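What follows is one structure encoded as structure tokens, with my remarks underneath.
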Amino acid sequence: MSPGPNRGIEQLLALVAGTKIYVDTEDNMQIFIAHKSLTDEDLGRFKFYAPFVKRLDSFKMEKYFRYRLRGWKQLLTALGNSPLLPNLRTLIFNTRPTTTMFEQQAWFMLLLSPSLHELHLATTSSHRTLNASAAELFFKSISTTLQGATDSPSSPRQSPPARQTVTISTESADVEDISWLTTIRDLAGLSKLVISLSTLGAGKFTTIGLLSQLESLEIDFDIHHEGSVSQYISLDLPDNAFSRLRHFGLKNLPDTSSFQTIWSMTHLTSHLTSLSLHFNKYRWMNVLTYDQIMSDFISPIGEKSPNLVDLVIHPPEYEWNEAGSSAPMFDLLSRLPLVRLQFAPMLGLHMSIPHTAGKYPLLKRLKLATSWVAVADVKNLAVVFPNLEYLAIQIIVYPEDFQGAISVSTSSQPIVIHVLSVFLEEDPLWDRAIIGDRLAGSVSITITSQ
């Protein structure tokens, strides 16, 4: 049993004997565990399938507003200190469907497992204190991990450090009175973390940086982020921070200073081979000049992360003219050994590809998701990127583009062209398959389309 993106925790708990599940009139998921002590027989089916679950998207956010569980005491007593899913490798946990601090903490500690390699912790609840509760447990778990890594016994006879525990209590009159003592999970194997910026209190960013196996980190500037980024992220990192980090992502960047503050941390950026940058168009109000986008973003990326081979960038709106619209993209290509590039400005523009742009033989995959490319520019792309294998574009087509076209070989190998969208100047009856066939024929006999 391997829950995919459309399955939630309710499918698993339904395996516990006596569990009743229904959705109320307000789209809340209601889960009732049997009002009796759970026996090994009651948990038999659940315990059989639980070890097979490797990935869990805990709550179906797109379908249900809240998740409420009745029978916490029976479930927690039966599980003791054991994780609910002992072999879980990927957990996606969003705080929004939880209604009390106890529920959020209990769900989170149930689902955390020492086997975790990847954790997505999103704080989309409107209650700031509630958001922090799961995050505090997460950082307690990391601290336990770091303590276990540094407090090695001085002699073979010395006992290892005692397991740390935490008590989770309801402290609320509207739910059953529960006080649960559980073991803090060791997250030594965590290699990928996606987390909201508002969960990072003082010193917490440094703590994340000391996870010895962490290879991928993504930070979301969520809606609850306020003030300077420096209050969330420590700039004074120890020498061994982020020693294995190779992928870094920033989502919903609100301003230039936030990017520059983070990008000044050499320990974080110098060893990266993969980067994803997404700027929030609803927070970003200023249109940058060409000089600004080059000096504030393009140049620092090239200088601080010279080993990038995979880049996804959604740059803020910048001034452009027909001839220079693609200049920031080509400047990135000239500075970095990119093999894969997705370049998607926040505001769509006509991406001009001059045949004089030079040649970039390293690039194999290119996606231009928000910009429009003319047929003539597609031909130029095949020349500029001689080893391109995959191209995803939005294309502008004029009837004369395919009149009297001559097939000229411009690429050393087949290119898969994924036409994301087509703007037809005059003939609305053409479909994408016809466009693909004619485009392949006009660019090169070796180019295919799909």
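The values are calculated or read from the model by the stated rules, or taken from the named source; none is laboratory data. What you are looking at is a predicted structure, and each value in this text was computed from that prediction instead of being measured. Please note: Cβ atoms are built from the backbone with ideal geometry, for glycine as well, and neighbour counts cover all protein chains shown.
Within the range 362-397, the residues that satisfy the criterion of being farther than 25 Å from residue 297 by Cβ and assigned to a loop (DSSP other than H, G, I, E, B) are 386, 387, 389. Just name the residue that is nearest to residue 340 (Cα to Cα) out of those in the range 244-282 that are among the charged types (D, E, K, R) and surrounded by 16 or more Cβ atoms within 10 Å (Cβ to Cβ). Among them, the one singled out is 246. Candidates are the residues of the range 283-293 that are surrounded by fewer than 17 Cβ atoms within 10 Å (Cβ to Cβ) and modelled with pLDDT of 85 or more; the one that is farthest from residue 255 (Cα to Cα) is 291. Scanning the range 56-67 for residues that are surrounded by fewer than 17 Cβ atoms within 10 Å (Cβ to Cβ) and touching a residue at least 24 places away in the same chain (Cβ under 8 Å) yields 61, 63, 65, 66. Residue count for the range 20-41 satisfying the condition of being touching a residue at least 24 places away in the same chain (Cβ under 8 Å), under 18 Å from residue 62 (Cβ atoms) and in a loop (DSSP other than H, G, I, E, B): 2. Looking across the range 262-291, the residues that are in a helix (DSSP H, G or I) and farther than 18 Å from residue 237 by Cβ come down to 290, 291.
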